[in-house]
Amino acid sequence: MEGPEDTFCCGGCEFAAALIREAGLERYYAEREDVAPRSTALDDGWDTVPVDTDESGISSVRLMI
């Protein structure tokens with residue numbers, strides 16, 4: 001994990017870190033030679049995110065985080 005232990009941006013990241021720790025997979029972070037690549041921001045901002053709207057008017061998006 002990057003940075004001080006027990007510092008997370010959200011509950012989801014805190015949960016993911018707990019899963020990694022409980023599975024005994026922390027060694028990956030100690031042995032890696034480079035930080036994982038980060039995605040880049042969308043050129044056109046949120047306007048380029050595909051939105052699906054069903055017949056009842058409910059909209060949904062699928063995001064990869």
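The values are calculated or read from the model by the stated rules, or taken from the named source; none is laboratory data. Model, not experiment: these values are computed from the prediction. Counting neighbours? That spans all protein chains shown, and the Cβs are built from the backbone with ideal geometry, glycine included. In case anyone asks, the SASA skips ligands and DNA or RNA and just uses the protein heavy atoms, side chains included. Shrake-Rupley method; radii C 1.70, N 1.55, O 1.52, S 1.80 Å.
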_Just to check your reading of the model, which residue among Thr48, Thr7, Thr40 is polar (S, T, N, Q), surrounded by 10 or more Cβ atoms within 10 Å (Cβ to Cβ) and modelled with pLDDT under 80?_
Thr7
*Determine which single condition Arg27 fails, assuming it passes every other condition in (1) at pLDDT below 80; (2) open to solvent by 90 Å² or more (accessible area, probe 1.4 Å).*
(1)
*So, in the range 17-62, of the ones that are among the polar types (S, T, N, Q) and part of a loop (DSSP other than H, G, I, E, B), which residue ends up farthest from Thr7 (Cα to Cα)?*
Ser56
